[in-house]
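Before any comments, here is the structure.
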Amino acid sequence: MTRLLTILLVFISVTLAPGQSLSTSQKAEDFDFLYQLLKENYPYFGVLKREHGVDWLADEEKYKKMIL
(Lines give C-alpha, C1' and ligand atoms only; values in the text may rest on other atoms or scores of the structure.)
Protein backbone atom coordinates (compact mmCIF):
# COMPACT_ATOMS: atom_id res chain seq x y z
CA MET A 1 0.00 0.00 0.00
CA THR A 2 2.85 2.37 0.81
CA ARG A 3 4.43 1.69 -2.56
CA LEU A 4 1.17 2.48 -4.32
CA LEU A 5 0.77 5.72 -2.39
CA THR A 6 4.32 6.72 -3.25
CA ILE A 7 3.72 6.09 -6.95
CA LEU A 8 0.51 8.14 -6.84
CA LEU A 9 2.26 11.05 -5.13
CA VAL A 10 5.10 11.02 -7.64
CA PHE A 11 2.60 10.87 -10.50
CA ILE A 12 0.66 13.84 -9.14
CA SER A 13 3.75 15.93 -8.39
CA VAL A 14 5.22 15.33 -11.85
CA THR A 15 1.90 16.13 -13.52
CA LEU A 16 1.44 19.35 -11.56
CA ALA A 17 5.05 20.57 -11.65
CA PRO A 18 5.17 24.28 -12.59
CA GLY A 19 6.74 25.16 -15.91
CA GLN A 20 6.44 21.64 -17.23
CA SER A 21 3.65 20.55 -19.46
CA LEU A 22 2.97 17.02 -20.60
CA SER A 23 1.81 16.30 -24.10
CA THR A 24 -1.52 14.57 -24.63
CA SER A 25 0.22 11.32 -25.49
CA GLN A 26 2.35 11.53 -22.33
CA LYS A 27 -0.75 12.10 -20.21
CA ALA A 28 -2.48 9.13 -21.84
CA GLU A 29 0.58 6.95 -21.33
CA ASP A 30 0.84 7.94 -17.66
CA PHE A 31 -2.86 7.28 -17.12
CA ASP A 32 -2.62 3.86 -18.78
CA PHE A 33 0.32 2.96 -16.57
CA LEU A 34 -1.43 4.11 -13.40
CA TYR A 35 -4.70 2.41 -14.37
CA GLN A 36 -2.94 -0.91 -14.99
CA LEU A 37 -0.98 -0.59 -11.74
CA LEU A 38 -4.14 0.05 -9.74
CA LYS A 39 -6.05 -2.70 -11.54
CA GLU A 40 -3.36 -5.25 -10.68
CA ASN A 41 -2.57 -4.12 -7.12
CA TYR A 42 -5.46 -2.24 -5.48
CA PRO A 43 -7.65 -4.77 -3.66
CA TYR A 44 -10.61 -2.53 -2.76
CA PHE A 45 -12.35 -1.92 -6.10
CA GLY A 46 -14.81 -4.70 -5.24
CA VAL A 47 -15.65 -3.01 -1.95
CA LEU A 48 -16.17 0.32 -3.70
CA LYS A 49 -18.53 -1.29 -6.18
CA ARG A 50 -20.41 -3.31 -3.58
CA GLU A 51 -20.85 -0.56 -1.00
CA HIS A 52 -21.17 2.53 -3.21
CA GLY A 53 -22.16 1.20 -6.63
CA VAL A 54 -19.08 2.70 -8.28
CA ASP A 55 -17.29 0.49 -10.79
CA TRP A 56 -14.09 2.47 -11.16
CA LEU A 57 -12.46 -0.02 -13.49
CA ALA A 58 -15.41 0.03 -15.91
CA ASP A 59 -15.14 3.83 -16.24
CA GLU A 60 -11.59 3.84 -17.63
CA GLU A 61 -12.47 5.82 -20.77
CA LYS A 62 -14.51 8.34 -18.79
CA TYR A 63 -11.56 9.10 -16.50
CA LYS A 64 -9.10 9.14 -19.38
CA LYS A 65 -11.17 11.77 -21.19
CA MET A 66 -11.15 13.91 -18.05
CA ILE A 67 -7.36 14.22 -18.02
CA LEU A 68 -6.82 14.68 -21.74
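The values are calculated or read from the model by the stated rules, or taken from the named source; none is laboratory data. All figures in this text were calculated on a predicted structure; none of them were measured in a lab. Ideal geometry is used to build each Cβ from the backbone, glycine not excepted, and the neighbour counts take in all protein chains shown. Heavy atoms of the whole protein, side chains included, go into the accessibility calculation; ligands, DNA and RNA do not. Shrake-Rupley method; radii C 1.70, N 1.55, O 1.52, S 1.80 Å.
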field: Filtered residues of segment 42-68 (kept if part of a helix (DSSP H, G or I) and among the hydroxyl-bearing types (Ser, Thr, Tyr))
entry: Tyr63
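Among the listed residues Lys27, Lys49, identify the single one that is open to solvent by 50 Å² or more (accessible area, probe 1.4 Å), under 22 Å from Leu9 (Cβ atoms) and not hydrophobic (A, V, I, L, M, F, W, C). Show your work before the answer.
Details: Lys49 fails: under 22 Å from Leu9 (Cβ atoms).
Result: Lys27 is the single residue among Lys27, Lys49 that is open to solvent by 50 Å² or more (accessible area, probe 1.4 Å), under 22 Å from Leu9 (Cβ atoms) and not hydrophobic (A, V, I, L, M, F, W, C).
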task: Please go through segment 33-46 and pick out each residue that is of a type outside the set (A, V, I, L, M), open to solvent by less than 100 Å² (accessible area, probe 1.4 Å) and within 14 Å of the chain's Cα centre (by Cα).
output: Tyr35, Gln36, Asn41, Tyr42, Phe45
Scan of segment 52-66 for residues that are surrounded by 11 or more Cβ atoms within 10 Å (Cβ to Cβ) and touching a helix residue (DSSP H, G or I) at 6+ places or on another chain (Cβ under 9 Å), ordered by number: Val54, Asp55, Trp56, Leu57, Glu60, Tyr63, Lys64
task: Give the number of residues within segment 14-30 that are more than 15 Å from Ile67 (Cβ to Cβ) and at pLDDT 70 or above.
output: 1
